[in-house]
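Right, one structure below, let's go through it.
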Amino acid sequence: MLRALDALRAHSGIDFPPLDITLEKRIPVAAGLGGGSSDAASALHLAQVAWGVRLAPDEEVDLATSVGSDVPFFYSGLAAAFVFGRGDGVSWLPASRLEDLGVLLVTPAFPLSTAKVFARYDDIPLGTSTASVMNDELDGVLLDEPFVDDLLGLASRLRDANDLWKAAASLEPSLPALRDELETATGRPWLMSGSGPTLFALYASAAEAAQAGQDLMGSRSVALDGALVNAVDLIGPEPAWRYP
């Protein structure tokens, strides 16, 4: 967030006065959920209002991208989008395609530093990457109807399309074991969000995701000790169900 304010000062070339900002964190830190990026995007919006700065649309995108690759999406204010490039490409998805999709997220008790995951990514052999191939397939799916059915059908292939998975798993060996247990318990593929360690599964509705979450917590799995579990849709802002 502070880096975003510094970037706006540097871009404007003006030494703006300090701002008094209160930040209430609701997204776990180092969870791979974009909490820091969304904070930065909000800070950019608020600082422009407070300081009376007006930027052209292309300037906004460039500034947000300079702060972080996830920041342009959060800055856009869209509920969901197809994001490409360095994060500077944000393609709108209409809400009518999102309202039926449910997502069950499990954030384990251990954090993973985004910087450390990317550093490990640079150090280990990646092998064959499927990310670019899946991006092309997703691009087609997101333009079609019915969106939810097609996306659920792609979930098993998307499972291994996050190139950061290998790096995250090497830093936290209990992460693959947790994913295996979740997949056994739910009978569906689980994907990693961002740089991890949050894992998620896709459902036909938020209500179905909520029921799956309740069933999971009823299993009293040791692997889920201390975990945060949320069933959400993509419209929000509140979860359909959460634990604890």
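What follows is calculated from the coordinates using simple rules that are stated; it is not laboratory data. None of these values were measured; they are calculated from a predicted model.
Using the alpha-carbon atoms, what tilt in degrees (0 to 90, nearest 10) does helix 2-12 show relative to the longest principal axis of the chain?
Relative to the chain, helix 2-12 is tipped by roughly 40 degrees.
Between helix 57-67 and the chain, what is the angle of the helix's C-alpha long axis to the longest principal axis, kept within 0 to 90° and rounded to the nearest 10?
60
Taking a quarter of the surface of the Cα convex hull of the chain, what do you get in nm²? Show your work: numbers first, answer last.
Working: hull surface 55.4 nm².
Mean shadow area of the hull around the Cα atoms is 13.8 nm².
Does anyone have the angle between helix 147-158 and the longest principal axis of the chain? Alpha-carbon axes, 0 to 90°, nearest 10?
Helix 147-158 and the main axis of the chain meet at about 80 degrees.
Looking at the stretch 1-96 from every direction and averaging, what is the projected area of its Cα convex hull in nm²? Please report the intermediate quantities before stating the final value.
On the way: hull surface 27.1 nm².
For the stretch 1-96, averaging the hull's shadow over all directions gives 6.8 nm².
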